[in-house]
Amino acid sequence: MSESQPIILVCNDDRDMLCLTVEQVKSRGFATVLMAEDGEAGLELTRRHHPHVVISDVSMPCVDGFQLCRILKSPLFPGSDSIPVILMSATYRDVIAEQVARSVKAYAYLQQPYEPEDLFRLMDLALGRDDVRSDDKYLLRYLGTVAVVDDDPDIVRLLKHLLEAEGWCVLTALGGKEATEILSSTPVHLVLLDYKMPDI
């Protein structure tokens with residue numbers, strides 16, 4: 001693999017759409033484009049090649065695009081949480097789909113059919129080649145990162161759901177000790193903390 005060129009991974013179980021997206025990406029000058037026909041193959045290629053951007057369809061068998069993104073952002077894939085994931089779908093085109101995409105920490109949610117220039121714009125932003133503008137479409141904007149700390153898992157689950165729906169990136173901890181470990185390595189903008197917990 002070329003080290004001077006960004007590595008782009010495209011995942012789609014629709015072979016025609018997969019090839020079309022790959023050709024579009026290559027036409028933009030990206031020489032190293034990996035192809036995966038399902039989410040499991042996408043995870044394996046990510047493990048082996050650590051792409052700079054992942055472009056994935058949502059509706060795929062075994063591991064869908066939402067699950068793919070969630071796994072990449074989890075401790076199961078150390079070092080992959082910073083990879084921007086651009087999700088696309090012709091099936092799920094509503095606000096709820098965007099909220100789910102935001103909850104799995106996707107970088108953008110592109111509705112199909114799309115203009116190639118919209119995809120190219122998202123790729124440039126994901127690679128840091130340009131600055132975000134207020135009129136950028138499809139980019140999932142986050143208000144910031146908030147840590148929710150409580151020893152009651154039901155409360156943590158409820159707050160996580162509510163905050164993610166409003167556009168926050170949410171980290172959770174079931175106690176003070178776990179929160180200390182998370183906050184020592186991850187900067188956050190806000191901490192919601194139960195004032196009385198057994199370990200703090």
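The values are calculated or read from the model by the stated rules, or taken from the named source; none is laboratory data. What you are looking at is a predicted structure, and each value in this text was computed from that prediction instead of being measured. A quick note on method: Cβ atoms are made from the backbone with ideal geometry, for glycine too, and the neighbour counts reach across all protein chains shown.
Out of (1) surrounded by fewer than 18 Cβ atoms within 10 Å (Cβ to Cβ); (2) at pLDDT 90 or above; (3) more than 18 Å from residue 125 (Cβ to Cβ), the odd one out for residue 28 is which?
The single condition residue 28 does not satisfy is (3).
Quick check on this structure: which one of 80, 89 is in contact (Cβ under 8 Å) with a residue 12 or more places away in the chain, touching a Phe, Trp or Tyr at 6+ places or on another chain (Cβ under 8 Å) and of a type in the set (Ser, Thr, Tyr)?
On the way: 80 fails: touching a Phe, Trp or Tyr at 6+ places or on another chain (Cβ under 8 Å).
Within the list 80, 89, the selection yields 89.
Residue by residue, here is whether (1) assigned to a loop (DSSP other than H, G, I, E, B); (2) at negative phi; (3) in contact with a Ser or Thr (Cβ under 8 Å, 6 or more places away or on another chain) holds:
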{"position": "83", "(1), (2), (3)": "yes, yes, yes"}
{"position": "88", "(1), (2), (3)": "no, yes, yes"}
{"position": "96", "(1), (2), (3)": "no, yes, no"}
{"position": "101", "(1), (2), (3)": "no, yes, no"}
{"position": "105", "(1), (2), (3)": "yes, no, no"}
{"position": "109", "(1), (2), (3)": "no, yes, yes"}
{"position": "117", "(1), (2), (3)": "no, yes, no"}
{"position": "122", "(1), (2), (3)": "no, yes, no"}
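Exactly one of these conditions fails for residue 127: (1) over 24 Å from residue 50 (Cα atoms); (2) in contact with a His (Cβ under 8 Å, 6 or more places away or on another chain). Give me its number.
(1)
Determine which single condition residue 91 fails, assuming it passes every other condition in (1) among the polar types (S, T, N, Q); (2) over 14 Å from the mean Cα position of the chain (by Cα); (3) at pLDDT 95 or above.
So the condition that residue 91 fails would be (3).
Can you tell me how many residues in region 162-196 are over 26 Å from residue 107 (Cβ atoms) and part of a loop (DSSP other than H, G, I, E, B)?
Total satisfying the criteria: 5.
Looking only at region 124-161, how many residues end up being in contact with a strand residue (DSSP E or B) (Cβ under 8 Å, 6 or more places away or on another chain), in a helix (DSSP H, G or I) and within 14 Å of residue 108 (Cα to Cα)?
So the count comes out to 2.
Going by the structure shown, is residue 40 closer than 24 Å to residue 138 by Cα and either in a helix (DSSP H, G or I) or free of Cβ contacts under 8 Å to residues at least 40 places away in the same chain (or both)?
No.
Of the residues 66, 77, which single one is out of contact with any strand residue (DSSP E or B) (no Cβ under 6 Å at 6 or more places or on another chain), surrounded by 13 or more Cβ atoms within 10 Å (Cβ to Cβ), aromatic (Phe, Trp, Tyr) and not in a helix (DSSP H, G or I)?
Values: 66 fails: not in a helix (DSSP H, G or I).
None of the others qualify; the one that does is 77.
Collect the residues in region 147-170 that are hydrophobic (A, V, I, L, M, F, W, C) and in contact with a helix residue (DSSP H, G or I) (Cβ under 6 Å, 6 or more places away or on another chain), keeping them in residue-number order.
148, 149, 165, 170
Just give me the residues in region 43-63 being within 25 Å of residue 121 (Cβ to Cβ) and in a helix (DSSP H, G or I), in sequence order.
45, 46, 49
Among the residues of region 51-71, write down those that are touching a Gly at 6+ places or on another chain (Cβ under 9 Å), farther than 17 Å from residue 90 by Cβ and modelled with pLDDT under 95.
62
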